[in-house]
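Here's the structure we're looking at; comments come further down.
Bear in mind that the values in this text are calculations on the coordinates, not laboratory data. Here the structure is a predicted model, which means the values were calculated and not measured. Ideal geometry is used to build each Cβ from the backbone, glycine not excepted, and the neighbour counts take in all protein chains shown.
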Amino acid sequence: MNLIRGLLFDNLGLKLVALLLALLVYLNVYTDRPATMVVSFPLQITDLPDSMTLVGPAPSAVQAELRGSGKQLIRLRLAEPVLRISLANARPGRYERALGAGDLPLPPESGPQVERLIGPLMIELQIDRKETRRIPVAPRVEVEPGAGREWSGRVQVEPARVVVTGPASVLARLDSIRLEPVRIEGRRDTMRVEVSPAALPEWTLVEPPTVMVIVPLRRTRP
């Protein structure tokens, strides 16, 4: 038993270092082997004129199957190089652009090679004019006031309208901006709370980002 314990624990530090070095050598040799791997390239839309904006969904990444050494592929996957699509000359309407292997931001010369482009193979975007409108907000109140208090149904909002910037076609359909609900649970005093929009259409911005909602409570009439 003492012999086995001695073999295991004598010079334990040196043995652990030797094991670590052996593991590093193995990984170095293993990752030098040829391999294939699916890599995602985050998609970034650039150079869109300030007077225009996107409408609807846009792809977030492009995937491709690459061949190279394990080291190259792991390094590339961790780096996540960005695929940039310039819309400098875009006009309102539908935008289409085919993608090929040459569009991928790969290292030059001896870098990984593209086996196949998984997709999307076509970038399809909808572009619209950017507009700004003042739109009223729509507060929501969930009422459960405290004992001896009641809510008259009145709500005060400051400001009553917000400035919304976004696609013209989207803003044309907006008649109000719904707010997150204000919950009155056991409250006995007038409630003042900053509230954000419940949801905004894609590619829209609102200013200010929050509004003050004031819910007055009063004593219950005998």
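Just a few scattered comments:
- Across every direction, the projection of the convex hull enclosing the Cα atoms of segment 33-125 has a mean area of 6.3 nm².
- Extension reserve of the Arg91-Ala172 stretch, reckoned as 0.36 nm per residue once the Cα distance is removed: 27.2 nm
- Label-point separation in nm, Ser51 to Arg154, each point 7 Å along Cα→Cβ: 4.7 nm
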